[in-house]
Amino acid sequence: MKMKKIACVFVLCLVFVATLSLAQSQEVEPIEFRKLSDRLYQVVGGRGANGGAFIGDEGVLVIEAKMDKSSVDQIIAGVKRLTDKPIQYLIDTHSDGDHVTGNQYFPGGTVIIAHENCRKEFFHKLRDGTESPWNDPKMAPFLPSVTYRDQMNLYLGSAKVELWYFGVGHTTGDTVVYFPEEKTAFIGDQIFLTRVQLIHSYKGGNSFGHVRNLTKMLATLDAERFCSGHSEVTDRVGIQAQIDQMKARQQKVRGLIEAGKTLEQVQAEFEEDEARLVESIFSEIKASNRDL
Ligand SMILES: [Zn+2]
């Protein structure tokens, strides 16, 4: 009997420790507004990608929607602490869940804006082949209601905000949100400084497009500061380094393909965490060789 009791307590302890460590691994940093100028903030923390907030003359523009109600509630509260102006616009830089799931928790009347291709991608099957939750008609009110093709400007009173599309890259519909006075661009997931770049081939993303896209961005915008979904703020040198790194990978993959290597053999020449990206580059080169 006594042994049974001890065993029971032991099991309970194990369950407790397991629950605790699960809770810790799911622990989420609170939302934080990092000041970039009197009107512009980087929004970090919460569940989902880093984004931004810009206080216009009459209303507020938010970039990225995070992925749960608590994170969005913290964004709304954070905006309230800075201004009594309402949230007017929400920009989804692309269709990944960590950027758009929170659309549904923003105040009614918020105008959600994205690139036309991004809106289409909302309905795309997920990477594991399951249906997108956005195919449920109940989600319709939270889809982007305004889209653009190449470029659009928003005027929040005297302040101009530019939305730019530079072509296929991380996905097929990545928006760069540019604040000319602050010389600051929010570029979604078009760079990962500390992780290997993600290219969503299953949605139509393309690594060669990614290189063209970022090169065009540097040539078009006189931005000095670049904020992204999952990295620290960087500068033009940081972006150029990412372009160069991607080009070097592409060149290496091309050389190995020309030497007759299979995908597995090519992947073996790279780090383990580059496997998925290398697979994308490999299929892109194979496909373009077929087109020649
Ligand atoms: Zn992301």
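Residues in the range 195-212 that are small (Gly, Ala, Ser), buried (at least 19 other Cβ atoms within 10 Å of the Cβ) and assigned to a helix (DSSP H, G or I): 2 in all.
To keep it simple, each residue is scored yes or no on (1) in a strand (DSSP E or B); (2) within 24 Å of GLU269 (Cβ to Cβ); (3) in contact with a strand residue (DSSP E or B) (Cβ under 9 Å, 6 or more places away or on another chain); (4) of a type in the set (Gly, Ala, Ser).
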| residue | (1), (2), (3), (4) |
| --- | --- |
| LEU154 | yes, no, yes, no |
| GLU162 | yes, no, yes, no |
| GLU181 | no, no, yes, no |
| GLN190 | no, no, yes, no |
| LEU214 | no, no, no, no |
| HIS230 | no, no, no, no |
| VAL237 | no, no, no, no |
| GLN251 | no, yes, no, no |
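Of all residue pairs spaced 6 or more apart or on separate chains, those with beta-carbon atoms under 9 Å, a first member in the range 215-233 that is touching a residue at least 24 places away in the same chain (Cβ under 8 Å) and a second member that is within 16 Å of the ligand (Cβ to nearest atom) and acidic (Asp, Glu) are SER228/ASP189; GLY229/GLU64; GLY229/ASP96; GLY229/ASP98; GLY229/ASP189; HIS230/ASP98; HIS230/ASP189. Residues in the range 96-120 that are among the charged types (D, E, K, R) and either within 14 Å of the ligand (Cβ to nearest atom) or surrounded by fewer than 20 Cβ atoms within 10 Å (Cβ to Cβ) (or both): ASP96, ASP98, GLU116, LYS120. The combined condition, being more than 13 Å from the ligand (Cβ to nearest atom) and under 18 Å from TYR178 (Cα atoms), is fulfilled by ALA53.
Residues in the range 88-110 that are among the acidic types (Asp, Glu) and out of contact with any strand residue (DSSP E or B) (no Cβ under 6 Å at 6 or more places or on another chain) were compared, and the one that is farthest from ARG127 (Cα to Cα) is ASP98. Selection of the range 162-184 for residues being small (Gly, Ala, Ser) and surrounded by 24 or more Cβ atoms within 10 Å (Cβ to Cβ) yields GLY169, GLY173. Inspect all residues belonging to the range 213-228 and state whether any of them is closer than 19 Å to THR172 by Cα and touching a Ser or Thr at 6+ places or on another chain (Cβ under 9 Å). Taking every residue of the range 213-228 in turn, at least one turns out to be closer than 19 Å to THR172 by Cα and touching a Ser or Thr at 6+ places or on another chain (Cβ under 9 Å). Only one entry in ARG81, ARG47, ARG34, ARG119 is part of a loop (DSSP other than H, G, I, E, B) and not small (Gly, Ala, Ser), namely ARG47. Under the condition of being assigned to a loop (DSSP other than H, G, I, E, B) and in contact with a helix residue (DSSP H, G or I) (Cβ under 9 Å, 6 or more places away or on another chain), which residue from the range 56-72 is farthest from the ligand (Cβ to nearest atom)? The qualifying residue farthest from the ligand (Cβ to nearest atom) is ASP68. One residue alone among ASP273, ASP244 is closer than 16 Å to THR194 by Cα and without any contact (Cβ under 8 Å) to a residue 12 or more places away in the chain, and that residue is ASP244. Taken as a whole, the structure places LEU221 among residues that are closer than 16 Å to PHE166 by Cβ and more than 16 Å from the ligand (Cβ to nearest atom).
Rule-based calculations on the coordinates, nothing more; no lab input. Computed from a predicted model, the values in this text were never measured in an experiment. Glycine also receives a Cβ, built like all others from the backbone with ideal geometry; neighbour counts cover every protein chain displayed.
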